[in-house]
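Structure record follows, encoded as structure tokens.
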Amino acid sequence: MNSEESIKLSRVGKIPVTVPSGVDVKIEKGMVTVRGPKGNMSREVHPRVQLVRDGDDITVAIEKGDRESRAVQGLTRALLANMVNGVSVGFERKLEIQGVGYKAELKSPTEILFSLGYSHPIMYELPVGVTGEVTKDNKVILRSNNKETLGLAAAKIRSFRPPEPYKGKGIRYEGEHVRRKAGKTAAR
């Protein structure tokens, strides 16, 4: 691969992030702060990149075109886009609970009680900034303005009882396909 081809690899980092109305973005001294109707978030900016504001668009610029700088450019652009989207619209993750007797119950705004076939129930306290809801058809809906925290909370809940391949029982993400296996057959 020659140098001209390697420069074209980072495409995500070059796309500007559009700031919607009602969202305020402040860039100062290596920090970016985003405020909106769903809350506010702050994050440090990597020293290899600079955020350049042009009206309602923010572009992530790099000084050197080396491989690591381009990787950090794409990462910074994705993190900034998630922050802007989180404070304006928010994120949502749905989990399905499947299995006879498996259920979830919202005990308080920050605690969910799971009965998943173990000898004991599991009480899970949601992280700060994540809200939960349990529907009648055994779905857990998690909402947050921080995509990273939301994903970690959903992964933790799924780890309590991952879907097993024989009967498909367990906790899965909505729309997740679980590859099924055939069970043992009786001996003749």
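The values are calculated or read from the model by the stated rules, or taken from the named source; none is laboratory data. Computed from a predicted model, the values in this text were never measured in an experiment. No Cβ is skipped: glycine too gets one built from the backbone with ideal geometry, and neighbour counts run over all protein chains shown.
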Problem set entry | Matching residues in the range 138-184 - criterion: being at positive phi and part of a loop (DSSP other than H, G, I, E, B) | Asn138, Gly168, Gly175
Exercise. Looking at the range 108-124, which of its residues are surrounded by 13 or more Cβ atoms within 10 Å (Cβ to Cβ) and part of a strand (DSSP E or B)?
Worked result: Glu111, Ile112, Leu113, Phe114, Ser115, Ile122, Tyr124
Problem set entry | Single unsatisfied condition, Met123 versus (1) over 15 Å from the mean Cα position of the chain (by Cα); (2) among the aliphatic types (A, V, I, L, M); (3) modelled with pLDDT under 95 | (3)
Exercise. Pairs, please: C-beta under 9 Å, at least 6 apart or cross-chain, first residue farther than 30 Å from Met41 by Cβ and in the range 143-172, second polar (S, T, N, Q) and in a strand (DSSP E or B)?
Worked result: Pro163/Gln98; Lys167/Gln98; Gly168/Gln98; Lys169/Gln98; Gly170/Gln98
Seminar exercise, completed: Of the conditions (1) over 14 Å from the mean Cα position of the chain (by Cα); (2) of a type in the set (Asp, Glu); (3) within 28 Å of Ala78 (Cα to Cα), the single one that Glu148 does not satisfy is (1)
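When you go through Val87, Val32 one by one, which is the residue that is without any contact (Cβ under 8 Å) to a residue 60 or more places away in the chain, within 29 Å of Gly132 (Cβ to Cβ) and not basic (Lys, Arg)?
Working: Val87 fails: without any contact (Cβ under 8 Å) to a residue 60 or more places away in the chain.
Unique residue meeting the criteria: Val32.
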For this session: Could you check how many residues of the range 53-69 are part of a helix (DSSP H, G or I) and free of Cβ contacts under 8 Å to residues at least 60 places away in the same chain?
Result: 2
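Which one is farthest from the chain's Cα centre (by Cα) among residues in the range 70-93 that are surrounded by fewer than 17 Cβ atoms within 10 Å (Cβ to Cβ) and not in a loop (DSSP other than H, G, I, E, B)? Spell out the reasoning first.
Our first condition is that a residue be surrounded by fewer than 17 Cβ atoms within 10 Å (Cβ to Cβ); within the range 70-93, this holds for 71, 75, 78, 89, 92.
Then drop every residue that is not not in a loop (DSSP other than H, G, I, E, B), which leaves 71, 75, 78, 92.
On the way: Ala71: 20, Leu75: 14, Ala78: 12, Glu92: 8 Å.
It comes out as Ala71.
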